[in-house]
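Written below as structure tokens is the structure these notes are about.
We did not get these values from a lab; they are worked out from the coordinates using the rules stated. All values reported here derive from a predicted model rather than from experimental measurement. Reconstructed Cβ throughout: ideal geometry from the backbone, glycine too, with neighbour counts over all protein chains shown.
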Amino acid sequence: MKKTIIIILFALVLTASGAFAITSGSTLITTDTSGTTSLASQFSNGLTLGYVKEGSSEVGVIAWSPDWRAGPWGLGLDFNIPLGGDRPNNIQNIVFRYAEYDDGAKGLRYGVLDNVTLGHGLIMSNYTTRNVNYTILNNEQMGLRGFYNWDIYGASAMGTYSHVYYVAAEERVFPRLTLTEYYVTDADGVNIMQTDGTTKLFPAQSGFGVDATVPIVPGWDLYAEAGQLVGHGNAYGAGTGWAFNLLGVASASFSFTYRMLDSGFVPEYFNIEYESNPVDLTSAEAGNTSKNGYLGTFAVNLANRVEGSITYEDYTDTNPALNGLASAILSDQISATGYYSQPNFASFRSVSLEEGAIIGGSVTYKLNPATNVTVHYKKAYNSDLGRVEETQYYEIGIAF
């Protein structure tokens, strides 16, 4: 019965496009938000003196991270000089952080990719090429992503160092209806070190889906989604999103999605934890029960001094999951960030809810306009070592 309701809602989203003439300026295929380009040419430099303690490994690091931009072109590099012999894994001397071209209508980016979401995230949500096992970025955490928009159509594609790929197409059928279709695959799966010291291969997996969005009034959308994880069932969902901006002083957004899932389907399968703590779909399917549930998110920004977001999701026969992120400028000299993430469907992962949770943050103190001192902390499961590991990273950053 509920699946029938979701299918009806999907149809209503499609037919509602004929009832409203409000246009939407948003698009579901975009470049990574950290890859925007500036209009003016500039060259910036930053030198960091750091100390990293990762588990039992300790090392000093001198790092230089120049960024170059000229119109739509951009290049970012990291030059790392480790000091000491007992270095954490995979600190590399030269890292190509990104190289890109982005003129708004078309773009191509090689580098670290964050916040990769297709549609409203039924199959791929907030995927990142970063690996939580490593404190310092390296060349194995890279991908290539491109997009092209013309007239009412858009296309996007991605490939990563770890062999995760997607292709997506978008059609703005009417000013008030956007359709997105996509296909995602991991060609060779993920190897994860278990807590008992054994290694488990999570096999190659593919999925595809379609997403429909209709703006009702400016800032308020309705959407519906449907998808399949190949060999593990289908899913359907419908939801609403709302965003509000108060004259640039404050902004807030909220979304709520209800989803109906076949027994083997896990939503957001390709997510921020995929490379370090993926879901065992075979175990999820063994319960032979539908895992219906909901996802809610809320975000707020106060004068660009305080920002925060929270996500809560709960599905049948699994643990609720909570994720939060906050940052604040406490004074002219002090700023702080903090984050907490719980894995959803923890009972079908290699790591328990407690071990799989990620917690971290940083505090920065500005000594003078050109010098910052920052302390970082992170506690997370290291899938290369099969255990929870604490990391501290202290740095002095000098801008010139």
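Listed by Cβ neighbour count within 10 Å, with the fewest neighbours leading, Asp103, Asp317 appear as Asp103, Asp317. Computing FRET efficiency as 1/(1 + (r/R0)^6) for Asp317 and Phe256, where r is the C-beta to C-beta distance and R0 is 22 Å, gives about 0.55.
Ordered by the count of other Cβ atoms within 10 Å of each Cβ, fewest first, Leu281, Leu325, Leu385 give Leu385, Leu325, Leu281.
Subtracting the Cα-Cα distance of Ile396 and Asn234 from 0.36 nm times their residue separation leaves 53.3 nm of extension gain. Annotation: aspartates and glutamates with alpha-carbon distance below 12 angstrom to Lys379 (same-chain offsets under eight excluded): Glu54, Glu354, Glu355, Glu389, Glu390. Sorted fewest first by neighbouring Cβ atoms within 10 angstrom, Ser383, Ser362 come out as Ser362, Ser383.
Model label points for Ala328 and Ile359, set 7 angstrom from Cα along the Cα-to-Cβ axis, are 1.8 nm apart. Label point of Lys366 set 7 angstrom out along Cα-Cβ; within segment 295-332, amide nitrogens under 13 Å from it belong to 305, 329-332.
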